[in-house]
Amino acid sequence: MTRASPKGWAILAAFGVMFAAVGLQVVSVIILGLVAGLAFDWTSAKFFVLGGMAAVVPNALFALRLALQRGRSPESYPAVFFLGEFAKIGLTVGLVAWIVHAMPDVNWLALVLGLIVALKAPLFALLVVRDAPRDWPPKGGSST
């Protein structure tokens with residue numbers, strides 16, 4: 001097995017940090033959706049998960065765009081960030097509008113709660129990233 005290059009480690013590290021918040025969003029929406037389904041009904045769980053995914057999908061696309069921007073000219077970062085943020089907000093609003101239009105009898109409470117949980121989950125990503133090893137990627141040693 002060959003060792004990864006330093007640039008390869010940097011790309012893996014960027015993807016790991018970029019998608020930690022998105023992964024936390026997915027996990028929190030699915031777990032709380034299951035809790036909503038077991039505690040209330042599965043229709044509420046469906047709208048909870050749909051509301052959460054209306055925020056998760058644009059965030060994942062935004063994180064992917066930012067990760068792909070790494071290594072390019074630093075002058076382009078602000079433009080990519082702000083245009084990506086604008087597109088993320090527009091896509092989130094569009095997905096919520098599509099859900100409301102496509103689904104009969106929307107459970108607004110579950111939909112909005114799913115959206116709120118997904119949007120607030122990245123705040124807890126700081127706790128996850130804070131506990132990550134600080135010497136990653138490894139500088140030497142065996143490549144197992």
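For residue 104, state whether it is not in a helix (DSSP H, G or I) and not β-branched (Val, Ile, Thr).
The answer is yes for residue 104.
For the range 15-67, taking the residues that are aromatic (Phe, Trp, Tyr) and under 19 Å from residue 87 (Cβ atoms), the one that is surrounded by the most Cβ atoms within 10 Å (Cβ to Cβ) is identified as 62.
If you take the residues in the range 94-107 that are of a type outside the set (A, V, I, L, M) and exposed (fewer than 11 other Cβ atoms within 10 Å of the Cβ), which one is modelled with the lowest pLDDT?
The initial filter retains those residues of the range 94-107 that are of a type outside the set (A, V, I, L, M), namely 94, 98, 101, 104-105, 107.
Narrowing the set further to residues that are exposed (fewer than 11 other Cβ atoms within 10 Å of the Cβ) leaves 101, 104-105.
On the way: 101: 96, 104: 86, 105: 93.
Per the stated criteria, the residue is 104.
Answer yes or no as to whether residue 142 is farther than 20 Å from residue 25 by Cβ, assigned to a helix (DSSP H, G or I), more than 22 Å from the chain's Cα centre (by Cα) and at pLDDT below 90. Spelling it out, it is not the case that residue 142 is farther than 20 Å from residue 25 by Cβ, assigned to a helix (DSSP H, G or I), more than 22 Å from the chain's Cα centre (by Cα) and at pLDDT below 90. Applying the criterion of at least 1 residues that are modelled with pLDDT of 90 or more and closer than 18 Å to residue 121 by Cβ to the helices (runs of 4 or more DSSP H) found wholly in the range 6-93 leaves 20-39, 42-69.
The values are calculated or read from the model by the stated rules, or taken from the named source; none is laboratory data. All of these numbers come straight from a predicted model, not from anything done at the bench. When we count neighbours, we look across all protein chains shown, and the Cβ atoms used for this are built from the backbone with ideal geometry, even at glycine.
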